[in-house]
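The values are calculated or read from the model by the stated rules, or taken from the named source; none is laboratory data. Note that the structure is predicted; figures quoted are calculated from it, not measured. Methodologically, a virtual Cβ is constructed for each residue, glycine included, from the backbone with ideal geometry; neighbour enumeration extends over all protein chains shown. The accessibility values were calculated without ligands, DNA or RNA, using every heavy atom of the protein model including side chains. Shrake-Rupley method; radii C 1.70, N 1.55, O 1.52, S 1.80 Å.
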Amino acid sequence: MSVLTSREREILKAFVVTLIPGDFDRNKLVDKIDNHVGHFSSDVRLSFRFVLSLFDYGAIFYRFRFRTFRGLDKKWRGRYLEAWHTSWLAGKRALWRFLGAIVYSNYYSIPSVAAAVGYTPKFHAPLPEPSFPHENAFVKPFGHDIKEECEVCVIGSGAGGAAIAKTLAEAGRKVIILEDGGFFRAEDFGQDAVSEVKLLYRNGGVTNTFGYPAILVPVGKCVGGTTIINSGTCFRTPPQVLKRWADEFGLHAWSPEKMERYFSEVEKELGVEPAERAMLKNNTNVFKRGIESLGYTGAPLQRNAPKCCGSGTCVFGCPTNAKRSANLNYVPDSLKAGAKLYCHCRVSRFLYSGSHADTVIARFRDPVSHERLGTLEIKARVIILACGTFYTPTLLMRSHVPNPSGMIGHNLTIHPAAQVLGVFDEEIKAWNEIPQGWYVDALSGEGITFEGIFLPPSYTASKILHVGEKHREVMENYNKLASFGIMVSDTSHGRILRMPGGRALTIYNLNRTDVKKFIKGLEIVTEAFFAAGAKRVLLPIHIMPEITREEGATKLRSKKIRAKDLDLQAFHPLGTCRMGANPKEAVCDPYGRFYGLDNVFIADGSIFPTSLGVNPMVTIMAAAMKIGEYVDREVL
Ligand SMILES: Cc1cc2nc3c(=O)[nH]c(=O)nc-3n(C[C@H](O)[C@H](O)[C@H](O)COP(=O)(O)OP(=O)(O)OC[C@H]3O[C@@H](n4cnc5c(N)ncnc54)[C@H](O)[C@@H]3O)c2cc1C
């Protein structure tokens, strides 16, 4: 699908030629990017086109050249691009990064380009998938309008939605699950990363916050939700977090003792066990060697992938079915217990009168053309919202529900993360193992944890803060890169704003306390890489993208690093419909019931009142089971 005009394609081509030196088929790459842009939401697509034009016409005012970017010669194009890249204006840098990251990820996802830098993965045959009654799963969108009735309508089939659907279906309740995305299997995975992102991620992978800094926060859009694209790390909620919830938010039913049974059941369902040592190879060993020499110790992470063979592509869908995402357990179990599932079906709102909601309104969409198809209207006794932290508050706002606490969409935490790359002389081939299999939590009391991370060339390329030849030189050493991540338990809070037309905008600014945690974490990872023998370290800091061994990690103290200088991502958004015993301060009660409507419950990451400081999937599933049991026992 082509969405760019011929003028926009010309600008893009000039941009590609300048950014990526060398001989390759530029038109093919422009086609690929054009197709990727077609998967963005209409707002992001519009922004992409606007930024392209801004970049082109902005050149008219550059050093009295009086030409658009397209009209500049090679030398001036290079200088102009460098000026955006190194601009002191954070907004300008962010816009250029937006274009640059999309171009780099598409270029390095071309299989021959990825192979040329040494990325040659081979995947094992997939493990068998669980069976389920196929007549209960409507995996294709309907072209005509339909009506349904049920006891419980669950909106969203991710960590929360899938777990609560199973709990209620197995309790004998008539359940219908509605999912905006499609139903995929292992045979659909293992393609190049950008193709998977278009298939499995919302908005072609471009969902982000606005603020200092702008942060990419990707989420899944498929049956199984974000569990399909996550790294498989499993943590229980830390006891001190549950204690804080009891003390500050009145969540006494969430004590470690009361949650124990739910955690155990989730872990059993997911097959949680420590990452197998044989699947932790050079990337883990290099970091382990470095960090242990600094006096810190780590351990293999608990994961939901008992037969993992280290394909290295967890976040693009597991090609071997080793990772037990919700599409391989909770969803088929729900279907076996009689639940129905509708895919490519987006809920636009629900209707209520007084304190009771009764009807869910959804529409099917064509997954390729995005054309709107038939509608689905469901009468339900109970409605469960499990659309995730960004879309549950948006759905509440679109349904014009009462908001007595004024807290819908507030209190967003994202557990921001940064990736650091070490460049070594030795061959590491970091893609050839579990990317997130080992961690260090020695500083978790300070809100800093270190977890493994490594990505295929496409998304590694988009993280390197160099351009042109320098960028290419790093990518030529792809097999000599090691990488580790830092996650910060945030004290910063964001919010989701309602925009005209039912759209939403996410605002989030990183506060100074959290910036300091990042700087401390970055210094430790940098020191660890140097101690392990790295020649240089590539940092997610615009004003300091690289430190050499000679300069040493203390260089990080030589400049004042601000939030706007950091290049971050986040994978654990939480909190926008927080639970609490006080209706004046919370969106839902301690059992997930929405304050204001008797039969609307929330069962996803949006209900947690604070950052967990750990990866949240197990907490979300345990919470959803607990809420499901309450609904079955007390409401239906
Ligand atoms: C790259 C990445 C790696 C991660 N790694 C880990 C990890 O290792 N361990 C861990 O614990 N966590 C990890 N996470 C986070 C974890 O997977 C999520 O926190 C969790 O899945 C969120 O669960 P949820 O139920 O809140 O939402 P989701 O799982 O996102 O599910 C929401 C579902 O609702 C659907 N939906 C939304 N709106 C509508 C609508 N209007 N109508 C119909 N359907 C709708 C969506 O399409 C989606 O499928 C990772 C996340 C990412 C992005």
query: Using a 1.4 Å probe, what is the accessible area per residue for the range 6-116, in Å²?
result: 47 Å²
message: Net charge around Arg173, counting only other residues with Cβ within less than 15 Å of its Cβ (Lys, Arg = +1; Asp, Glu = -1)?
response: -1
field: Dipole moment magnitude, nearest 20 debye, the range 265-387 about Cα centre, only Lys, Arg, Asp, Glu C-beta charged
entry: 180 debye
message: Given Cβ point charges of +1 (Lys, Arg) and -1 (Asp, Glu) and nothing else, what value in debye, to the nearest 20, does the dipole of the chain about its Cα centre take?
response: 1920 debye
field: Arg472 accessible area, 1.4 Å probe, all protein chains in place, Å² to nearest 10
entry: 80 Å²
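Under DSSP H, which helices of the chain have Cα atoms covering 18 Å or more of the helix axis and a Kyte-Doolittle average no less than 0.0?
6-19, 42-58, 90-108, 512-531, 617-630
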statement: Sorted largest first, the C-alpha extents of the range 277-369 along its principal axes in whole angstrom are 63, 33, 32
task: Pop a pseudo-label 7 angstrom from the Cα along the beta-carbon direction at both Phe61 and Leu294 and give the gap in nm to one decimal.
output: 4.2 nm
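Around Ala59, with a cut-off of 12 angstrom between Cβ atoms, what is the net charge of the other residues, counting Lys and Arg +1 and Asp and Glu -1?
Values: positive: Arg63, Arg65, Arg67, Arg70, Arg77, Arg79; negative: Asp56, Asp73.
In short, +4.
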- line: Computed ³J(HN,Hα) along the range 126-138: with the Karplus parameters 6.51/-1.76/1.60, θ = phi - 60°, integer Hz and x for glycine or proline, the list is x, 5, x, 8, x, 8, 7, x, 5, 5, 8, 10, 9
field: Whole-number accessible area per residue in Å² for the range 356-396, which is evaluated in the context of all protein chains at 1.4 Å
entry: 36 Å²
- request: Would you please put 409-418, 435-444 in order of how densely packed they are, using the mean number of other Cβ atoms within 10 angstrom per residue and starting with the highest?
  value: 409-418, 435-444
- request: Distance check, please: which entries in Lys243/Lys520; Lys535/Lys560; Lys281/Lys535; Lys166/Lys517; Lys13/Lys140; Lys122/Lys463 exceed 32 angstrom between their Cα atoms?
  value: Lys166/Lys517; Lys13/Lys140
- prompt: Going highest first, how would you order 604-617, 152-165 by mean Cβ packing within 10 Å?
  reply: 152-165, 604-617
query: Counting DSSP beta bridges in the chain, what percent are antiparallel, to the nearest 5?
result: 70 percent
- request: Multiply the residue gap between Ala171 and Asp247 by 0.36 nm, knock off their C-alpha separation, and tell me the result in nm, one decimal place.
  value: 24.1 nm
- prompt: Where the centroid of each part is defined by its Cα atoms, how far is the range 540-587 from the range 81-95 in Å?
  reply: 19 Å
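As an exercise, take the mean of 1/r over every pair of distinct alpha carbons in the range 490-629, invert it, and state the Kirkwood radius in angstroms.
18.0 Å
Run lengths n ≥ 4 of DSSP H only: what is the helix-derived mean residue ellipticity at 222 nm for the chain, with -39500 (n - 2.57) per run over all residues, to the nearest 500?
On the way: 17 runs with 201 residues, N = 636.
That comes out to -10000 deg cm²/dmol.
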- line: Taking the dipole of the chain about the Cα centre (Lys, Arg +1; Asp, Glu -1; charges at Cβ), the one of Cys222, Leu89, Ile384 that reaches farthest to the positive side is Leu89
message: Per q in 0.11 Å⁻¹, report the Debye log10 I(q)/I(0) for the chain, using one uniform scatterer on each alpha carbon and no solvent.
response: -1.08
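Could you look at the chain and say what percent of its accessible area is carbon and sulfur, using a 1.4 Å probe and all protein chains?
That fraction is 52 percent.
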- prompt: Distance from the Cα centre of the range 317-373 to that of the range 431-472, in angstrom?
  reply: 32 Å
